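Note sheet for the following structure.
The values are calculated or read from the model by the stated rules, or taken from the named source; none is laboratory data. Only a predicted model underlies this, so the values are computations on that prediction, with no experimental measurement involved. So basically every Cβ, Gly included, is an ideal-geometry build from the backbone, and we count neighbours across all protein chains shown. SASA here: full protein model, heavy atoms, side chains in, ligands and nucleic acids out. Shrake-Rupley method; radii C 1.70, N 1.55, O 1.52, S 1.80 Å.
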Amino acid sequence: MAEIRKKYDAEFRAGAVRIVRETGKPVAQVARDLGINEGTLATWISREKEATWAGLDPDERAELARLRKENHELRRERDVLKRSVVLWVKESTK
């Protein structure tokens, strides 16, 4: 029996990739939430990444990688601070 494949428009694919990038959620979770295959979403992400990097020179690629890493670290620090404030508030209201 022939396999039936779903077709997704470019807008849906771009939106799914954007969700992964902006929320930082795992690919598997976003794929489950959207009802698509995890491998399909991972392919979309890698294609988008290749297309983005293709138009950059080596210096721009290095700077982009550095900024993404810094952004990730800052988000983690922010999240730790948020959690510590919540714990502090809970302790002070006891």
Members of region 3-46 that are open to solvent by 90 Å² or more (accessible area, probe 1.4 Å) and of a type in the set (A, V, I, L, M, F, W, C) = I4
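Could you run through region 47-63 and say how many residues are surrounded by 11 or more Cβ atoms within 10 Å (Cβ to Cβ) and either modelled with pLDDT of 90 or more or farther than 24 Å from E11 by Cα (or both)?
Going residue by residue through region 47-63, those that are surrounded by 11 or more Cβ atoms within 10 Å (Cβ to Cβ) are 47-49, 52-53, 56, 60-63.
After this cut, where a residue has to be either modelled with pLDDT of 90 or more or farther than 24 Å from E11 by Cα (or both) as well, the list is 47, 60-63.
Number of matching residues: 5.
Applying the selection to region 1-55, what residues are of a type in the set (D, E, K, R) and either touching a residue at least 40 places away in the same chain (Cβ under 8 Å) or assigned to a helix (DSSP H, G or I) (or both)? So that I can check it myself, show each step before the final result.
Of the residues in region 1-55, the ones of a type in the set (D, E, K, R) are 3, 5-7, 9, 11, 13, 18, 21-22, 25, 32-33, 38, 47-50.
Result: E11, R13, R18, R21, E22, R32, D33, E38, R47, E48, K49, E50.
Out of all the residues in region 69-78, is one or more of a type in the set (A, V, I, L, M, F, W, C), open to solvent by less than 60 Å² (accessible area, probe 1.4 Å), at pLDDT 90 or above and part of a helix (DSSP H, G or I)?
Initially, region 69-78 is screened for residues of a type in the set (A, V, I, L, M, F, W, C), giving 74.
Cutting the leftovers down to open to solvent by less than 60 Å² (accessible area, probe 1.4 Å) gives us none.
The answer is no, given that none of the residues of region 69-78 is of a type in the set (A, V, I, L, M, F, W, C), open to solvent by less than 60 Å² (accessible area, probe 1.4 Å), at pLDDT 90 or above and part of a helix (DSSP H, G or I).
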